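The values are calculated or read from the model by the stated rules, or taken from the named source; none is laboratory data. Because the structure is a prediction, the values reported are computed rather than measured. As a convention, Cβ positions derive from the backbone with ideal geometry for all residues, glycine included, and neighbour counts pool all protein chains shown. Note: areas computed on protein heavy atoms with side chains; ligands, DNA, RNA excluded. Shrake-Rupley method; radii C 1.70, N 1.55, O 1.52, S 1.80 Å.
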Amino acid sequence: MSNRDDFPADFTWGTATAAYQVEGAAAVDGRTPSIWDTFARVDGAIADGTTGDVADDHYHRFLDDVELMASLGVNSYRFSISWSRLLPHGGDTVSEAGVEFYRRLASALLERGIRPYATLYHWDLPQELEDAGGWLARETADAFARYARLAVRELGDLVSDWITLNEPWCSAFLGYASGVHAPGKQVGTTASHAVHHLLLGHGKAVAAIREERPEASVGITLNLYSTRAASDSAADVDAARRIDGLQNRLFLEPVLAGRYPADVLDDLGERDWFEAQPESDARTIAEPIDFLGVNYYSRHTTAAGEASPGTVSANPGSEFVRFVDTSAPRTQMGWEIHPDGLVDVLEQAHSYAPDLPLFVTENGSAYEDTVNADGSVDDPARAEYLRLHVDACAEALRRGIPLRGYFCWSLMDNWEWAWGLSRRFGLVYVDYETQQRTVKSSGEWLRQFLAGEARAAA
Ligand code: FCB
């Protein structure tokens, strides 16, 4: 059980969102479509048929949302910049209106003592860049670095903390292998080329940001999973190795150690392609960073499975792996609740770079919320999830891991990608008819915790 005093006084406490999930104003002030605007219009792609056209209308309501954050007592906010709002059509010309929006947001945050952490790429590639090959094309890495440079040039006096990519595993494998995310392609193990171009874009962006603002703090956010084998059988252990490889090591090793894990490239059958890339890529990708962001939600239990021909896997090269449904408690997403796994993945990241500061840049849970007659929303399960994971952060600190912050996903309910508006992760309830915001009891718990009035873990 921990309380706020178990954390350093300068610990970062924040909430997180992403542009397409909250901003709305999709066609306002010159913003042009991203791959998600396009994908959301594909029949059957989004569970409830909605788009992010309006979402939380944060573009028009950000001042109120900053007040909400202040009322929770957080000292930081992680948001993402919409590439095509800043650079319409993904070109090289900055939109004045786009710059203005993010400058006003950052200024409002700073006025409230809330430190802005800006993510440059939370999955919303400008459509024109997808049409030119998307992340399967090497040129997209250069386009990303140009965008990063311009974003930092325009906003770097207000924003000093930058995250290049959010969860490149999702961009590459959900976007180009399983196709359940934009751009909805299914190119099998070739999707791993997108991994390489995303990471290359990350490295080039880090270098560009440093040139532009040497004092900026720059990192990348990876979604890491605690992974275990369903049994000690060699086949199940190997299944866990594959999934740990594809989910975690394929990203941690190139970024932090300057090499790809050979076993994973072999699983993918893509070793020749990777070896044919310019040798200097490895150094570019491993450009030193100031921190690593870790998004953690759940644990995977894996077993050897049977290849089912024709199945499209979100982990290409793992057709022989089965994800086992244990009896462990799960959230509405079906994701196992396993707070110790947060410590595991932080340990794993820490093992590659012992001095590198770490941040939990996302952690949270979806549950069905009901609104009481008096308008209040009680969400004890979400509050419990939060308590348990905050407690895991305290445990990581006790183990000597340089964890510097925790961002809860999410500030408020928002447009949850392929689930549309049908999954709620917020500490704040959003009525999508009226756009009214109501702090849930989980948000109230966080407020009390940050005020020193409540302890983590029940
Ligand atoms: C993460 C995403 C975030 C949100 C949460 C629930 O994978 O980064 O945008 O969708 O999951």
Averaged over all viewing directions, the convex hull of the alpha carbons in region 172-280 casts a projected area in nm² of 8.4
Taking all protein chains together and a probe of 1.4 Å, list His60, His197 from the most accessible to the least accessible. His60, His197
Pull out the extension gain between Arg399 and Asp263, defined as 0.36 nm times the separation in residues minus the alpha carbon to alpha carbon distance; nm, one decimal. 46.0 nm
What residues have an amide H closer than 5 Å to that of Val321, excluding those fewer than 5 places away on the same chain, when H is modeled at 1.01 Å from N in the peptide plane? Gly305
Treat each spin label as a single point 7 Å out from the Cα along the C-beta direction, and report the His89 to Ser422 distance in nm. 3.7
By how many nm would the segment from Asp43 to Ala234 grow when fully extended, if each residue of separation counts as 0.36 nm and the alpha-carbon distance is taken off? 64.5 nm
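What percent does the relative contact order of the chain come to when contacts are Cα pairs within less than 8 Å and at least six residues apart?
18
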Packing rank of 434-441, 339-346, 14-21, where each peptide gets the mean count of other beta carbons within 10 Å, highest leading: 14-21, 339-346, 434-441
Expressed in nm to one decimal, what extension gain is obtained for the pair Glu433 and Glu215 from 0.36 nm per residue of sequence separation less their Cα-Cα distance? 74.2 nm
Taking just the C-alpha trace of the chain, give me its Rg and Dmax in Å. 20.7, 63
Between the residues Val218, Leu256, Ala137, the Cα farthest towards the positive end of the dipole of region 135-271, that dipole coming from +1 and -1 charges on the beta-carbon of Lys, Arg, Asp and Glu, is from Ala137
Given backbone amide H placed at 1.01 Å from N, residues whose amide H is under 5 Å from that of Thr302, ignoring those fewer than 5 places away on the same chain, are Arg228, Ala229, Ala230, Val324
Cα gyration tensor of region 405-458 - equivalent ellipsoid semi-axes, whole Å, descending: 24, 13, 8
